[in-house]
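**Student:** Once you've had a glance at the structure underneath, I'll fire off some questions.
The values are calculated or read from the model by the stated rules, or taken from the named source; none is laboratory data. Keep in mind that this is a model prediction, so the values were computed, not measured. Glycine also receives a Cβ, built like all others from the backbone with ideal geometry; neighbour counts cover every protein chain displayed.
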Amino acid sequence: MGLYLLLWQPVSGAEERLSPNTAGRYAPATVDMALQRVSEHVWFAQGVAGVATDNQGFISNAGVIVTGAGVVVFDALGSPSLAQLLLKKIRAITSEPVVRVIVSHYHADHIYGLQVFEDLDADILAPAGADLYLASDNAKERLEDRRFTLDPWVNEDTRLVYPDQYLQEGKRFRLGDVDFTVTVVGNAHSDGDLTLYVEPDRVLFSGDIIFEGRLPFLGDANTRRWVEVLERMEREKLVALVPGHGAVAKDPNEAIGLMRRYLAYLRENMKHAVEDFVPFNEAYDAIDWSDYEDLPAFAEANRRNAYQVYLSMEAEMLGDQ
């Protein structure tokens, strides 16, 4: 099976076939969005590289798997308006209903579109740990911030959507002629992360475990766990990997390896700094960043990432992680 990577052009009139539950409810997103075909069953929409409020919030990816018995969506994008636009694109390629949404993790740029699919009665699955985010002050504060910075696409009608099921462990299921494997990887990039493997196509949706072609924003990630997950992923034989941000990885192992090497490099250097009681700014300025400084988002993310790892290495040394 080859790697398709075709831009899917809308079927005439198909974009108008929306559920009355969602049509016209949200300020229209005017960004460019196209479904790229990855394999026989798999498409995805690719957000642009940028910070959370760029491109009307369309900075992350969403996956679409057409099974013959319904559509599975992977992640719901950063606003109801974007999710409604995604739904239009889905309607352009299939009349099958969206029956399930798999959420890689609960960060704002992946979840604010969930209410569009909840209103369609889709079953929403998320990893254990998402409940910690939903119960946190951070979740409420982030939504309030986005109602200001992404208005009108995120506004007072935007709500946090709770999943129908929190997955403590992995799950396999079959829909139509497609077998799926959900792997719960725990608190790596967020309080809870998962991946979705489309078995017949050998395509992996990694969520934000992988940022293709750019540096990640680590936030409060558990980088020790993250590196362990990436080491396991490197042993998989994939045809394609769809990351949480960026283009489809034509060489999945290289994409996984780049992320693992970057995180391991941060951890190694920050560990030495903490062990030697070197202040963060001094340690950061002494590190050779040449292998990563040409990657997109380096200027915006790297110092912040390094500082987060510096603090986490201090906590690990004190036995807090």
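**Student:** What's the number of the only condition in (1) touching a helix residue (DSSP H, G or I) at 6+ places or on another chain (Cβ under 9 Å); (2) part of a helix (DSSP H, G or I); (3) crowded, with 18+ Cβ neighbours inside 10 Å that residue 311 fails to meet?
**Tutor:** Every listed condition holds for residue 311 apart from (3).
**Student:** Using the structure shown, decide if residue 91 is charged (D, E, K, R), touching a residue at least 60 places away in the same chain (Cβ under 8 Å) and part of a strand (DSSP E or B). Can you show your working first?
**Tutor:** On the way: charged (D, E, K, R): yes; touching a residue at least 60 places away in the same chain (Cβ under 8 Å): yes; part of a strand (DSSP E or B): no.
So residue 91 fails the test.
**Student:** Take the residues in the range 161-196 that are more than 23 Å from residue 118 (Cα to Cα) and touching a Ser or Thr at 6+ places or on another chain (Cβ under 7 Å); name whichever of them is surrounded by the fewest Cβ atoms within 10 Å (Cβ to Cβ).
**Tutor:** 177
**Student:** Related question: Hey, residue 73 hits all of (1) under 17 Å from the mean Cα position of the chain (by Cα); (2) assigned to a loop (DSSP other than H, G, I, E, B) but one; which does it fall short on?
**Tutor:** Of (1) under 17 Å from the mean Cα position of the chain (by Cα); (2) assigned to a loop (DSSP other than H, G, I, E, B), only one is false for residue 73: (2).
**Student:** Which of the residues spanning the range 106-129 are in contact (Cβ under 8 Å) with a residue 60 or more places away in the chain and part of a loop (DSSP other than H, G, I, E, B)?
**Tutor:** 106, 107, 119, 120, 128, 129
**Student:** Here's a follow-up. Among (1) in contact (Cβ under 8 Å) with a residue 60 or more places away in the chain; (2) of a type outside the set (Asp, Glu); (3) part of a loop (DSSP other than H, G, I, E, B), which single condition is residue 180 missing?
**Tutor:** (3)
**Student:** Pull up the range 93-121, narrow it to residues that are hydrophobic (A, V, I, L, M, F, W, C) and surrounded by fewer than 21 Cβ atoms within 10 Å (Cβ to Cβ), then point me to the one that is farthest from residue 165 (Cα to Cα). Give the steps one after another, and end with the answer.
**Tutor:** Applying the first criterion (hydrophobic (A, V, I, L, M, F, W, C)) to the range 93-121 yields 93, 98-99, 101-103, 108, 111, 114, 116-117, 120.
Remaining after also requiring surrounded by fewer than 21 Cβ atoms within 10 Å (Cβ to Cβ): 93, 99, 120.
On the way: 93: 28, 99: 14, 120: 17 Å.
Of everything passing the filter in the range 93-121, 93 is farthest from residue 165 (Cα to Cα).
**Student:** What single numbered condition from (1) buried (at least 19 other Cβ atoms within 10 Å of the Cβ); (2) free of Cβ contacts under 8 Å to residues at least 60 places away in the same chain; (3) not in a strand (DSSP E or B) fails to hold for residue 201?
**Tutor:** (2)
**Student:** Can residue 172 be described as of a type in the set (Lys, Arg), outside any loop (DSSP other than H, G, I, E, B) and under 20 Å from residue 122 (Cβ atoms)? So that I can check it myself, show each step before the final result.
**Tutor:** Details: of a type in the set (Lys, Arg): yes; outside any loop (DSSP other than H, G, I, E, B): yes; under 20 Å from residue 122 (Cβ atoms): yes.
Against the criterion (of a type in the set (Lys, Arg), outside any loop (DSSP other than H, G, I, E, B) and under 20 Å from residue 122 (Cβ atoms)), residue 172 qualifies.
**Student:** From the set of residues in the range 240-259 that are under 17 Å from residue 215 (Cβ atoms) and assigned to a loop (DSSP other than H, G, I, E, B), which is nearest to the chain's Cα centre (by Cα)?
**Tutor:** The qualifying residue nearest to the chain's Cα centre (by Cα) is 246.
**Student:** Can you go through 145, 157 and tell me which one is out of contact with any Ser or Thr (no Cβ under 7 Å at 6 or more places or on another chain), among the acidic types (Asp, Glu) and part of a loop (DSSP other than H, G, I, E, B)?
**Tutor:** Numbers: 145 fails: part of a loop (DSSP other than H, G, I, E, B).
Result of the check over 145, 157: 157.
One line per residue, one yes/no per condition, for (1) modelled with pLDDT of 95 or more; (2) on the phi > 0 side of the Ramachandran plot; (3) over 16 Å from the mean Cα position of the chain (by Cα):
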position: 10; (1), (2), (3): no, no, yes
position: 37; (1), (2), (3): yes, no, yes
position: 47; (1), (2), (3): no, no, no
position: 96; (1), (2), (3): yes, no, yes
position: 110; (1), (2), (3): no, no, no
